[in-house]
Amino acid sequence: MHRRLSAEIIASGTELLLGDTIDTNSAYIAQQLRDLGVDVYFHTTVGDNARRLRSAIEIAAGRADLVIITGGLGPTVDDVTREAVAAAVGRPLAFSEELLEQIAARFARFGRPMTDNNRRQAYIPEGATPITNPVGTAPAFRAELNRSTIIALPGVPREMHYLMEHEVIPYLRSHIGDAIIRVRVLHTAGLGESHVDSLLGDLEEGSNPTVGLSAQPGRTDVRITARADTAEEADQMIESVARIVEERLSGHVYGRDHDRLGAAIAERLRRRGVRLAVFESVSAGLIAQELLEVAAELVAAHEVVPWTGDAEADDAHSLAGDIALAEDAYVLVSLGAEPDGDVQSTKGRRAALAVVGPGIDIATHFDFGSHPGLFQPWVVNHSLFCLWEALGTQ
């Protein structure tokens, strides 16, 4: 039976706080830990300040079995992770001639001279275990603080990825065993996040499997995660919850994991033996693009139509009917109306949709009241869902 660990990830670097650099390291580490069955409860970002980083490390070590730090292991004055960890564990920094030789050898291999400040990288907290870095010049290390293991890794993504794969993950596996984590994502559309939450709230309170929601404009993903000793057991746990989700959200789950809404629509078009003509305004060709990327042969025509008036169901239906006379296919017309005046207003935005073809004659409109920047993707996802739903009526 595997041991269940908790973890905290600390990203060090003022550039992260300023927004100059996106923290992709923490996301990568979290994914790797998830797959190992390690629970990540906190992500912390700290600037290049030894005192504040020390405080963050001490707090993390007081609430997590594992603390992984990225960044701050370079040769410059603002690389303070070594000093901060040493202060947190109550040990001085100790110089390692062996580490210096490794650093010098790497510079020689790279064909670059080693400057004096690179000697700083040969210091690690006394008693810490060095982690050899064959793909960079910054040695990593592992130290202990009370019940917590602290692992300091370089902030360069390529180096961090290598050390996670070749050093950290094998080390963790030897301590926690081979926990199996399985994740399945159910894709839903046509229901807002709050509506989905109202239907699945009791499932979201479970501890294993866990159920979480991720909202996008016009779509909500339901993520189911299970931890078990075998893949088969984890899959069975997930499937039992997935069946409940699909039952409660009946008619709104269009796919799993890497499934796309466009592919689900294409399947229904093939079943009917017809193609589709797409005419859209505010969505600027993105509805057609979703279908073209997965089944271009099913798109009979596509065009972005100028539209400056109101977006009413009758308008969309009239345009769809006119086009349907000329196209031997189903016709989707999606119009979007922007409010006059204040472009930042959350009011006055409306989408109108019509789907016309053999056995289908639908026209409707939807009012939108969220952030203006979400209007276009909302129109795209909502239109695609309504098309998928309409094609499934027979």
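The values are calculated or read from the model by the stated rules, or taken from the named source; none is laboratory data. Everything numeric here is computed off the predicted structure, so don't read it as measured data. With ideal geometry, Cβ positions are generated from the backbone for all residues, glycine too; neighbour counts draw on all protein chains shown. Accessible surface is based on the protein model in full, side chains and every heavy atom, while ligands, DNA and RNA are left aside. Shrake-Rupley method; radii C 1.70, N 1.55, O 1.52, S 1.80 Å.
What the table below lists for this structure:
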| item | result |
| --- | --- |
| Cα centroid separation, segment 37-54 to segment 73-127 (Å) | 21 |
| Global geometry of segment 168-251, whether rounded, prolate or oblate, following the gyration tensor of its Cα atoms and the 1.5 cut on a/c | prolate |
| Residue-span extension gain [Gln236 to Asp116] - 0.36 nm each, minus C-alpha spacing | 37.4 nm |
| The chain, dipole about Cα centre (Lys/Arg Cβ +1, Asp/Glu Cβ -1), debye to the nearest 20 | 1360 |
| Accessible surface of segment 159-206, 1.4 Å probe, proportion on carbon and sulfur as whole % | 45 |
| Length-normalised contact order for the chain - Cα pairs under 8 Å, 6+ apart - percent | 11 |
| Antiparallel bridges, percent of DSSP beta bridges restricted to the chain (to nearest 5) | 65 |
| Estimated [θ] at 222 nm from DSSP helical runs (n ≥ 4, -39500 (n - 2.57)) normalised by residues in the chain, nearest 500 | -11500 deg cm²/dmol |
| (1) 45; (2) 48; (3) 24, with the label sought being that of the calculated percent of Cα pairs over 36 Å apart | (1) |
| Rounded percent of accessible protein surface that carbon and sulfur make up, segment 58-153, 1.4 Å probe | 52 |
| Normalised contact order of segment 115-160, rounded percent, pairs of Cα under 8 Å and 6 or more residues apart | 26 |
| Reciprocal mean inverse distance between Cα atoms of segment 15-112 - Kirkwood radius, Å | 15.5 |
| Rounded to the nearest 20 debye, dipole of segment 1-65 from Cβ charges on Lys, Arg, Asp, Glu | 300 |
| Order by protection proxy (mean Cβ within 10 Å, highest first), peptides 369-377, 41-49, 277-285 | 277-285, 41-49, 369-377 |
| Segment 1-113: relative contact order in percent, alpha carbon pairs under 8 Å with at least 6 residues between | 29 |
| Per residue, in Å², the accessible surface of the chain once ligands and nucleic acids are set aside, probe 1.4 Å | 47 |
| Dimensions (Å) - segment 266-335, Cα atoms, principal axes, largest first | 35, 23, 17 |
| In segment 165-217, GluC sites (Glu not before Pro) in a DSSP loop with at most 11 other beta-carbon atoms within 10 Å | Glu205 |
| Dipole axis of segment 61-167 (+1 Lys, Arg; -1 Asp, Glu on Cβ), positive-most option in Ile150, Tyr162, Thr129 | Tyr162 |
